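Quick note: the coordinates plus some simple rules give every number you see, no bench work behind them. These numbers come from a predicted model, not from an experiment. In this analysis, Cβ positions are derived from the backbone assuming ideal geometry, glycine residues included, and neighbour counts consider all displayed protein chains.
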Amino acid sequence: MLGEHQDSSTGAVVKILLSFDIDGTLELGDPPGGVTIEMVRRAHERGYLVGSCSDKPLSSQRAIWKEIDIEPVFVASKHQLGDVRARVEADAYYHMGDRDTDFQVAQEHDFGFWWAHEAIAEPWLSLGTEG
Amino acid sequence: MAMETKWERNSDPVGIWEHRGKVALVGRGHSTTDRRWDGVNLDQTLGAYSMVAARNAMEDAGISPDDVDGVITSPGGQPRHGRFGAGWAPRPYFDPPYDTEDGLTYVTAEWFARQLGLKNVKYLNSHGETLWNLIGLAAQAVGDGRCEVCLVPYPNGNLEGRYHQTEGLEAGGPAQWSLPWGWGLSGQGFIFDQYCRKYGTNHDRMAPFVVQERKNGLLWPHSYYALHEPEPFTEEDYVNGRSIARGLSIFDCDRPVQAAACYVVTTAERARDMKQKPVYFLDHTEGAFTPRSLVQTLDESEEWSDILAQRAYAGSGLRPDDIDLFSPYDGFAINAQYFLEAFGWRGVKRGEAHDFYAGDISLQGPNPLNAGGGNMGTGRMRTAFITDSMEQLQGRAGPRQVGIKAEVAVTIGVLPGNACSLVFSTSPD
C-alpha cells in the first residue's frame, strides 16, 4: 500500500513521511541542492509518503512535482508543517532542509530533521534497520 | 566626476518644474534577468548587462555612441550611492581589467563610458541613487544643459549567498531595538499592521493586487518570472505565504535579481529626430524623511506620501483626474497602498486601497494599477515602472498595453521615507 514499508528488523509495516524543502535542498531548487530527483523517486517507489514543504508558492511546488511525474502526498508552505502532520497519518515524520527555518519548523512540529547535506546520504532508507 | 548638489526638488513649495515638457525619454534597453551572479561568468556581471542594455537603448532611440554626451549612473542601484560590492568583496580578483569591482558588482559612469567607447562625453556622474531619483537627476541634468543626450544605465545586482544579512553577536545603540527581530525593513509589517487595525482590513485582501501584478509581469520577455518561474501565481499561493514579520508575508517581498536597464534622456528638441515617440517629463520631485522615533509609523508613512503627492501635483500642474496610469513602487507590496491613497488616483482615499484592489485592476479594465507588474511581477529589477510607463504612453507595450487612454503616467518609488515621483506625458504641454 502506498506509503508503507516494512521495517527490516521487526517486520512491522510502518508509514514514514518525508517532507522535502526545495530551494537549497533538492536539485531542482534555486539554488540547487544535493538531494536528487532520483533519490526522491526512489523513496516514493519504496513506499515513503513524499511531499514538499517550501517557501515556494504552492502552485510552483505542484508544478515541480508534475515535472518529475510524482504525485506528492502533500505540498505546504514552510510554516504549515504542523498542518501536514495533522492531515497526513504516518508513523514517523521527517523534514529536511538547508535553513534554520527548516530546523525550527521541524522542531516546533515534532518532525525528525536532516540538514540538506545530511539528506544526500538518503538516511531514510536505513530507518528502522539500526540496532 | 560630477556630483550634483541641490538638484532635488524637495523643498516646499516646489513650484512648477522649470524644465516641464523640455526633456524627454526616448529610448530604453534591458538585459536578461538572472537570479544572481555566480561570481565567475564575466558575461553576466552588472557591467556586462549594463552594456547590453545600453546598446539596446541606443538602438531603440536610433542613436549611435557618438551622439552620447552624458552618462549618469547609480553604480549599485541603491540609496545613498550604495553598492553591493562592498558587502561581498574582497574577492580574489580576476586579471586586469577586471581587477576591481567596477564593472563586476557596480558600474560607474567612467567605466561605462570607457567600455562603450563614448568619445564625446562631457558629463559623467556616478552618484545616482535608486532608479526614480536617478531618472529625476538625469532629467534635471539634461534640462540644465549639462548634456543633451544622456545614457542612464541602472544596474541592480544580486550576488551569491544570502541577502541583507547583518552578522554579529551584538546589536548596539538604536539597533538593539530592531536588529534582534531581523532586517530593519521588516518593520514595514508593523506599519501595515497599524493600517489594518486603523481601517478594519486584513492582509489577505492584498492578494488580488499581487496576483494581478504577477500576471502583468509575466508579459515581459525579460521578467525574472517569465524567464524562470512562469507558472501562474494565485490568491491561494499568496494567502498561504509564510510571514516574515507580523503583517509582512514572504510574498510581499520582491525577489532580488541580477539585471540592468538603460534609458536615453534628451532634450525635447533632439527627441524630435529620434526613432521613438518622445515621452516628455512634466516633473520630478523628491522627498527624504526621518522617523520621529526608532520605528517608522503609519502616521508618518501617510504624512510623507501625502507630501510627495502634493509636490508631484504642484510640480507638474496636474490633478488626480489627469493621471491615466499610476505605478507606485511595490518592493514591499504593502507600501504601494500609501502612495495610491496619497495620490488619490481614481479617487482612492485613505483606507480604501484594499477595496480598490478587489475591483477591476486588470490591464484591460478601467484601473490598470501597476500595468508593468512592478517588482512583484518582474523581480527586483525596478525598471518595469519606468519602461512600462514609457511604452504605455508610446503605445508599444504589446500584450501589456492598457485598454484605457494612456497620455499621462506617474510613477513613484521607492519607499515613503525616501522617494522620487516622475510625471510623464505624451505632450510637452
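Ranked from largest, the principal axis spans of the Cα set of region A:4-123 equal 39, 29, 25 Å. When only the Cβ of Lys, Arg, Asp and Glu is charged (+1, +1, -1, -1), the dipole of chain B relative to its Cα centre reaches about 180 debye. Per residue, the Cα convex hull of chain B amounts to 133 Å³. Given B:K22/B:K277; B:K22/B:K405; A:K15/A:K66; A:K66/B:K215; B:K122/B:K277, which pairs have Cα atoms separated by over 19 Å? From B:K22/B:K277; B:K22/B:K405; A:K15/A:K66; A:K66/B:K215; B:K122/B:K277, over 19 Å: B:K22/B:K405; A:K15/A:K66; A:K66/B:K215; B:K122/B:K277. Cβ-to-Cβ counts within 10 Å put B:K215, B:K6 in ascending order as B:K6, B:K215, the fewest first. For the protein assembly as shown, the residue among B:G27, B:W17, B:W7 whose Cα projects farthest onto the positive side of the dipole built from Cβ charges is B:W17. Its Cα gyration tensor gives region A:22-78 an equivalent ellipsoid, and the semi-axes of that ellipsoid, as √(5λ) in whole Å with the largest first, are 16, 14, 9. Counting only whole DSSP H helices of chain B, there are none at least 24 Å long by C-alpha along their axis and with mean Kyte-Doolittle hydropathy no lower than -0.5. Only the Cβ atoms of Lys and Arg (+1) and of Asp and Glu (-1) were treated as charged; on that basis the dipole of region A:4-123 about its Cα centre amounts to roughly 260 debye.
Taking other Cβ atoms within 10 Å as a rough exposure proxy, B:S126, B:S243, A:S19 sort from fewest to most as B:S243, B:S126, A:S19. Dipole of region B:168-236 computed with +1 at Lys/Arg Cβ and -1 at Asp/Glu Cβ about the Cα centre; of B:G189, B:W220, B:P232, farthest Cα towards the positive end is B:G189. Over all distinct Cα-Cα pairs of region B:270-429, the Kirkwood formula returns a hydrodynamic radius of 15.9 Å. Taking the Cα centre of each part, how many Å lie between region B:1-60 and region B:189-230? Centre-to-centre (Cα) distance: 25 Å. Annotation: average projected area of the protein assembly as shown is 27.2 square nanometres, based on the convex hull of Cα atoms across all directions. Toward the positive end of the charge dipole of region B:167-268, about the Cα centre and with charges on Cβ (Lys, Arg +1; Asp, Glu -1), which of B:I250, B:V265, B:V211 goes farthest? Of B:I250, B:V265, B:V211, it is B:V265. Taken over the C-alpha atoms, region B:280-353 has Rg and Dmax values of 12.6, 40 angstrom.
Scaled against the 2.2 N^0.38 Å expected of a compact globular protein of N residues, the Cα radius of gyration of region A:42-111 reads 1.07.
FRET efficiency for the B:Q176 to B:R396 pair, using the beta carbon distance and R₀ = 56 Å, is estimated at 0.60. Within a straight-line Cα-Cα reach of under 29 Å, B:K198 can be paired with the following lysines, leaving aside sequence neighbours fewer than 8 residues apart in one chain: B:K349. Contact order, relative form, for chain B: 24 percent (alpha carbon pairs under 8 Å, 6 or more residues apart, mean separation divided by residue count).
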